[in-house]
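I have placed the structure first, in the form of structure tokens, so that the comments after it can refer back to it.
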Amino acid sequence: MLDWWLPENVSTYGRDIDWLFHLIYYITGITAILVFATMLVFLVMYKDRPGRRARYTHGNTTLEIVWTVIPSLILVVLTFLSAPAWSRIKIQAPPASDFVVRVTAKQFNWQVTYPGPDGQFGTADDKTLLDEMHVPVNKVVHVHLRSQDVIHSFFVPNFRMKQDAVPGREIVQWFEATKTGKYELPCAELCGFGHSGMRGWIYVHTPDDYQKWAAENLRAEAAPAAAEEKKPEAATPPPAPAKGGKAKR
Amino acid sequence: MSPIILESPLARPPGLDRSGGRIPPAPPTRDGDDDPREPTPGGSRLDNARLAMLFFLAGESMFFAGLISSFLVLRLGAPLWPPPLQPRLPVLVTGLNTLVLLASSVAMIAAMRAVRRDDGRALVERLAVAAALGVLFLVVQGYEWARLIHYGLTVASGVYATTFYTLIGVHAAHVVGALVWLTATLVLAARGRFGPGRLTRLRACATYWHYVVGLWPILYLTVYLL
Amino acid sequence: MSATTASAHAHTAHEHHELGFVRTYVFSTDHKMIARQFLFLGLIMMILGGVLALMVRWQLAWPETPIPGMAWIFTETTPPGIIQPPQYNMAFTMHATIMIFFVIMPILAGSFGNFCIPLMIGARDMAFPLLNMLSFWVTATAGVIMLSGFFVEGGHAAAGWTSYVPLSAVPEYTGVNWGQNIWCISLFTMGIGSMMGSINYITTIINMRAPGMHLFRMPLVVWSLFITAILLLLALPVLTSGVAMLLFDRTLGTSWFRPSGGGEPLLWQHLFWYFGHPEVYILILPAMGIASEILPVFSRKPIFGYHAMAFSMIGIAFLSWVVYGHHMFVSGMNPSLGMAFMVSTMIIAVPSAIKTFNWLGTLWGGRIQFKVPMLFALGFVSMFVIGGLSGIFMASTPVDIYIQDTYFIVAHIHYVVFGGSIFGAFAAIYFWFPKMFGRMTNPVLGHLHFWGTFIFFNWVFFPMHIIGVGGQMRRIYNPMQYEFLQHQQHWNVFMTYGALLLGATQILFAINFFWSLFAGRKAPLNPWNSNTLEWTAASPPPHLNWGPTLPTVYRGPYEYSDPEATDDYLPQNQPPARAGARARGH
Ligand code: HEA
Ligand code: HEA
Ligand code: CUA
Ligand SMILES: [Cu+2]
């Protein structure tokens, strides 16, 4: 049922997250239903009626032990199921890859820097694009995340990926997209009046398309491509306009 | 936050009568079915003023814990400490100054002794000594600050100055507060308001003084020596 | 010391009759009057906080359209009345700041702490009445300081109620200059006030209990307030030190948090959440106590598992110090710490589980009377369960990667703070109103208020889970700027209608409140046939609460439907009839 609402997942570890999401959804859902059902039954059964006297009891130790232990067990299991995904995504060194981009957040843009042919940052042939990132599909991408002013948050809903960019440190993250298309890259941490609308695009290309794009845009003299007019390959169909759409875009 | 003293008791031993004379005391506990160990009514060994003082200091400690741990975070995060090209802190003078402050605590203890002997004059004198030592401490501190600023270590010059001035400054503020309180107590003492049975206010003030003094060596250790 | 209060009492008691208006209603040292003052402070602030919330909602539903009646505030737009991004940030920042620090804390901890503690443990007043008065006036001053921020150049704080640095540390980043400073100063002041209050509460509960009232005969609401006071005492100073450093950074140019000067941005988050998580339990614990108080009364049944209830609250208090990192899973904090915090966060759900099931156990086999306080107490339990369960999603670190800073969090916030704390507050207001003001509230309006609030509350906040799962970020000015959010905009419109209705419903409460205050039916001594001591004092209780003798306590607070008793309730102070009936309960 969550799938009605979740944006399409197009990253490798996104699956693990969605799986956990569903698991917890069912656990908590069932818990909630049980709690509310019991409550309603009690409210109906034990509604005040003349002549009845309430049961005089101060508690029941076995019962209390039971309902302490069961939730504890559930939570322990949940913890053990969550741990691997977490350590895979955030703790362990990212899977090896030669594809590295540096993203430097600033009020209110994502500056995406490609190391250029020599594979080194800080050299003449670096290429920096504004609010757009191009990556090949099915390839592990390392993102070296920085911020030059305040804290921003690198959020790709379709990748189930989020990481704050903290000024004064570089945080290395990774993702592997499994489907070509054009995905939105909003900023998820309040970073000032421009926070809303601080947004970039991630273009996931097929390998040869990526090569083509790189040849055109990552060569030293080429000018960075402008994001919007670029027609994305196999882009996800633009979503239906909203009902309450009085908004000026 | 010294208003605590506003509430410290006057001249009556604890427990006897909590009704202010107009209202007869509560019935003895034995009427209840509870164990006679239950103190009449409610209550712990410590009287309200001492308890309140205790918790007040607990809160204060959390405040300083916040500052000190923040200091340690920056201190241990910094590549070089103290950062190069910044004046060193006057470790020796401040060390001596520490002794001054500790001495004031001793004077305070002596004062408490005096009041237990119901020796009003000695009490006033020793309180005065404690206060004077406190003032001396502040003066020396101020002088050192002036010199540091003169050497170019201003609040705005990096983490080193930041942590130093904040921690030491906040403590100094507490010393000032304690001094105000101590002066008030001194006046009361001069009016002969304290005696063997009547020293709750005095004790509260003394406790706070000892606390503020006791904080200093910790700060000296972390900020100057570490 | 006891004698202190005593003499203080004797003092006030003497010229009680000739106390002027000022000493009776303004600078009163009577805990009941101070309780009323805190209550009014909180309710009036709630109007402001609510109106800010409604502005936020309007912008989210119909972005960049004029808000009706706001043309005189947002004059610079065409047409006037459109809220601009800086003001939007200011709106939700102050909405949260006010609601948390100047609505819930004054009402739950401030008002009902002051009202319940002395009356329910059988004391004549707080241990330090004067300090008590000061604590209110310091808090009120903090409130005034906070409000003054709306009128300064550059507007009020706009960095979120969490005021993450460096955004909040450098004026240029937000364009807010004095607003943020005032935010710091106000919270600093509030910290001092709450410290005075908590010291007073703790001392009173430890030292001033009536004869026979040992710890495990205290009503659970007193337990909850006791624990809350300890948390306040130890948590608030950490925030106080934090805002002090932030203020120094902004005004003196220190560099605690500014990377440019070698400061550490994450340090603020650690300080804030080290305070912040205990804070959220400070918000909920009194409400839990209130529910544990009201459920037995209206089920005519002893609370289920008294000791479990008390100890689970103690457990929550201890654990609340070691879970704060769950707010920082993706903040750049060492991810291994994230793992540790996930474990502790999962554990802290267990005491809440115990409480929930004990509440259900209390209903089991009871004689449930659906009076207004009971309805709100039941509402509290159910809404807290939803809010708590949504907390489990975030406790699981991988899931939190996705839902952190989305509306899923906003939904969680409101289910626990509105569905939890505010429902608890309403329950308490309806429950103790007769004792507090000596008049009954109107049950019809009360029922309407409950059902309106309950329905519209879920109407507003449940869909937030959905758009949160859909990925809508918090603190965004205009969802329509994002293509992946446009298809769920209709939810935002839907929720805003609910919010307007929710706000309107509160008018019923205001009417009921003030009408009952002046024209309500005179309240009997013990309208709910309750056991606890406050109902043995006149309503409203006179200064010093009881006549010549203090009540003596013979049993626990929840002895309802005791087969050996003739009535279906046994007041704590009623002498045991026969040896058989002695020492019932605890
Ligand atoms: C009254 C306030 C209150 C309370 C009581 C809680 C209770 C809990 N909170 Fe919440 N929380 C907030 C107020 C509160 N929270 C606020 C204001 C924020 C946002 C701050 C901000 O960023 O602005 C927040 C944010 C927040 C986060 C950070 C989200 C993020 O920013 O990424 C997390 C993460 O773990 C969390 C977890 C929890 C948990 C596990 C509980 C637990 O204590 C809940 C325990 C209760 C239950 C679990 C339900 C009852 C139990 C049962 C029915 C038994 C069966 C249950 C199981 C078997 C699972 N909360
Ligand atoms: C105590 C806590 C509390 C309460 C009660 C509320 C109440 C409400 N909140 Fe609040 N909210 C927060 C705490 C709270 N909120 C927090 C902590 C945040 C996070 C902020 C951040 O991101 O920094 C937040 C954020 C937040 C957002 C997200 C903003 C964003 O991220 O962009 C939204 C959006 O819809 C919202 C809406 C509402 C609404 C519609 C209400 C409604 O329920 C309000 C209805 C109430 C009224 C309209 C008032 C009626 C008047 C009375 C009841 C008084 C009666 C008067 C007398 C008797 C004299 N809130
Ligand atoms: Cu960048 Cu929000
Ligand atoms: Cu938390």
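The values are calculated or read from the model by the stated rules, or taken from the named source; none is laboratory data. It should be emphasised that the depicted structure is a prediction, and the values quoted were computed from it without experimental measurement. Cβ: placed from backbone, ideal geometry, glycine included. Neighbour counts: every protein chain shown. Side chains are part of the model used for accessible areas, which takes the heavy atoms of the whole protein and leaves out ligands, DNA and RNA. Shrake-Rupley method; radii C 1.70, N 1.55, O 1.52, S 1.80 Å.
Taken over the range C:257-272, residues that are buried (at least 24 other Cβ atoms within 10 Å of the Cβ), closer than 29 Å to C:ALA229 by Cβ and in contact (Cβ under 8 Å) with a residue 40 or more places away in the chain amount to 3. Does C:SER194 satisfy being open to solvent by 10 Å² or more (accessible area, probe 1.4 Å), under 30 Å from B:ARG50 (Cα atoms) and modelled with pLDDT of 95 or more? So C:SER194 passes the test.
Checked against (1) open to solvent by less than 30 Å² (accessible area, probe 1.4 Å); (2) in contact with a Ser or Thr (Cβ under 7 Å, 6 or more places away or on another chain); (3) not hydroxyl-bearing (Ser, Thr, Tyr), B:HIS171 meets all criteria but (2).
From the list C:GLY261, C:GLY276, the lone residue that is more than 9 Å from chain B (Cβ to nearest Cβ), more than 29 Å from C:PHE304 (Cβ to Cβ) and not basic (Lys, Arg) is C:GLY276. Filtering the range A:182-201 for residues that are more than 12 Å from every other protein chain (Cβ to nearest Cβ), open to solvent by less than 20 Å² (accessible area, probe 1.4 Å) and either in a strand (DSSP E or B) or away from ligand 4 (no atom under 16 Å from the Cβ) (or both) leaves an empty set.
Return the residue satisfying two criteria in turn: it lies in the range C:323-339 and is in a loop (DSSP other than H, G, I, E, B) and either out of contact with any His (no Cβ under 9 Å at 6 or more places or on another chain) or at the interface with another protein chain (Cβ under 8 Å from one of its Cβ atoms) (or both), and of such residues it is farthest from ligand 2 (Cβ to nearest atom). The qualifying residue farthest from ligand 2 (Cβ to nearest atom) is C:ASN334. Could we say that C:MET342 is within 12 Å of another protein chain (Cβ to nearest Cβ) and within 16 Å of ligand 2 (Cβ to nearest atom) here? For C:MET342, the condition - within 12 Å of another protein chain (Cβ to nearest Cβ) and within 16 Å of ligand 2 (Cβ to nearest atom) - is not met. A Cβ distance below 6 Å, combined with a sequence gap of six or more or placement on separate chains, defines the contacts here; from the range B:113-133, residues that are surrounded by fewer than 17 Cβ atoms within 10 Å (Cβ to Cβ) reach residues that are modelled with pLDDT under 90 and not aliphatic (A, V, I, L, M) in the pairs B:ARG116/B:PRO196; B:ASP118/B:GLY195; B:ASP118/B:PRO196. Residues in the range C:284-322 that are more than 30 Å from A:SER87 (Cα to Cα) and either within 16 Å of ligand 3 (Cβ to nearest atom) or assigned to a loop (DSSP other than H, G, I, E, B) (or both): C:ARG300, C:LYS301, C:PRO302, C:ILE303, C:PHE304, C:GLY305.
Take the conditions (1) crowded, with 23+ Cβ neighbours inside 10 Å; (2) more than 20 Å from the chain's Cα centre (by Cα); C:SER135 misses just one of them, which is (2).
With the condition kept exactly as written, say whether any residue in the range A:55-66 is modelled with pLDDT of 90 or more, more than 14 Å from chain C (Cβ to nearest Cβ) and over 20 Å from the mean Cα position of the chain (by Cα). Looking through the range A:55-66, none of the residues is modelled with pLDDT of 90 or more, more than 14 Å from chain C (Cβ to nearest Cβ) and over 20 Å from the mean Cα position of the chain (by Cα). For the range C:66-75, state whether one or more residues are part of a helix (DSSP H, G or I) and open to solvent by less than 20 Å² (accessible area, probe 1.4 Å). Checked the range C:66-75: no residue is part of a helix (DSSP H, G or I) and open to solvent by less than 20 Å² (accessible area, probe 1.4 Å). Pairs linking a residue in the range C:454-471 that is more than 9 Å from chain A (Cβ to nearest Cβ) to a residue that is surrounded by fewer than 18 Cβ atoms within 10 Å (Cβ to Cβ), with Cβ atoms under 6 Å and 6 or more positions apart or on different chains, are C:PHE456/C:LEU501. Counting the residues of the range A:109-118 that are open to solvent by 30 Å² or more (accessible area, probe 1.4 Å) and within 13 Å of A:HIS144 (Cβ to Cβ) gives 1.
The single condition from (1) in a helix (DSSP H, G or I); (2) within 14 Å of chain B (Cβ to nearest Cβ); (3) over 19 Å from the mean Cα position of the chain (by Cα) that C:TYR173 fails is (2). For A:THR12, the stated conditions hold: it is farther than 30 Å from C:LYS301 by Cα and touching a strand residue (DSSP E or B) at 6+ places or on another chain (Cβ under 6 Å).
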